[in-house]
Every structure is written in C-alpha cells, then in structure tokens.
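Data block below; observations after.
The values are calculated or read from the model by the stated rules, or taken from the named source; none is laboratory data. All figures in this text were calculated on a predicted structure; none of them were measured in a lab. No Cβ is skipped: glycine too gets one built from the backbone with ideal geometry, and neighbour counts run over all protein chains shown. Calculation scope for accessible area: heavy atoms of the full protein, side chains included, ligands and nucleic acids excluded. Shrake-Rupley method; radii C 1.70, N 1.55, O 1.52, S 1.80 Å.
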Amino acid sequence: MIRLPQPADLTSLVLRTDFADDTAWHALQEQIGLLDRHPHATFVSDAAYAGISVQAIVDLDAAARDDDKLTYLFLADTITMTDDENPLLAVDTYDEPGRTFRLPVRWYADVSANLSIGNVDFADLADATDEAGTYRVLDRE
C-alpha cells in the first residue's frame, strides 16, 4: 500500500496526479517557485499517485500513523495542468476530510503560508470560494 508523502517543515505538499505533460508540471513548479521568496512547496511527482482520487487520499491519510497524518495538501491534477490559471485542488484531510476548493497558482504562496502556520483554517478558505468552488477573495482586494 502506498503512503502519502510528508511535506518539508513549513511547506505544503503539492502532489502531482496528472502525468500527461511533463512540461506543464515543470512550468507549475517554476510558477510556484517564482512566487515564493521562501520555499512553500514540497513537490512530489510519483506515478504511484497517477489519477488518485480525493477519497483515496482521505483513506490513505486516515490509515497513516498519527505522526504521519496531514491536515491538507494540494493536488496538481488534469485541471491544474491544462487550465490557464493552473488552479491546484486543495484537499482537507483533517477537519472535513475530502472537502476541496480550487486555488489559482498565483495565490498559492499566500494560502500555503497561512495554512502551514495555522493562521487560517481550511474551512475559512473553502467558505470564501466563488460559485465555481475557486478561492478568489484576493482577486477582489
């Protein structure tokens, strides 16, 4: 059985689930890297996670030892790799396991930093999404 990888300290896990376009994956990593003065991402590209569902992620996290449980992660799925905004799929694995929202990559650094230090809860962000389930509050500032 596969296990979920662990993010480095004070970073968020970005787990690749779409393997159709390596160039898109590298571009996403570059976009996140260009936005960050300090690392906010632990990138994992492992074909064992190809096409993994949100429910499977929740199940893997539930089966993990307490020290290995995550509170959230970001998936780089087909939509992330093909949409112009590269919206990552944020997944809650702690308070409401399986709850999701989309996050355009340009807001990744701010959201990741706030989640990693517990400045905001996943639900606060998920509750602030638009009708399409995308976090865009920062667009309105």
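In the chain, helices alone account for a calculated mean residue ellipticity at 222 nm of -8500 deg cm²/dmol, with every DSSP H run of four or more residues adding -39,500 (n - 2.57). Net length available on complete extension from ALA47 to TYR94 is 14.5 nm, with 0.36 nm assigned per residue and the Cα-Cα distance removed. For the pair ALA20 and ASP124, what calculated FRET efficiency results from E = 1/(1 + (r/R0)^6), where r is the Cβ-Cβ distance and R0 = 30 Å, to the nearest 0.05? My answer for the efficiency is 0.35. For segment 23-63, the extents of the C-alpha atoms along the principal axes are 34, 23, 13 Å, listed from largest to smallest. The figure for GLU85 is an accessible area of roughly 50 square angstrom, using a 1.4 Å probe on the protein chains alone. Largest to smallest in accessible area, the residues TYR72, TYR108 fall in the order TYR72, TYR108 (1.4 Å probe, all protein chains included).
Taking 0.36 nm per residue of sequence separation and removing the Cα-Cα distance, the GLU131/GLN55 pair yields an extension gain of 25.1 nm.
Relative contact order for segment 1-133: 27 percent, from Cα pairs under 8 Å spaced at least 6 residues apart, divided by residue count. Applying the Karplus relation 6.51 cos²θ - 1.76 cosθ + 1.60 with θ = phi - 60° to segment 71-82 yields 3J(HN,Hα) values of 9, 6, 7, 10, 9, 9, 9, 4, 5, 4, 6, 10 Hz, where x marks Gly and Pro.
Each Lys and Arg contributes +1 and each Asp and Glu -1, all at the Cβ; summed about the Cα centre of segment 66-141, the dipole is approximately 160 debye. Within the assembled protein chains, the solvent-accessible surface assigned to ASP127 is about 110 Å², based on a 1.4 Å probe. Amide H contacts of PHE101: ALA90, each under 5 Å away and 5 or more positions distant or on a separate chain (H built 1.01 Å from N in the peptide plane; Pro and chain starts excluded). Taking the accessible area of segment 11-141, probe 1.4 Å, and keeping the other protein chains in place, the carbon and sulfur fraction comes to 47%.
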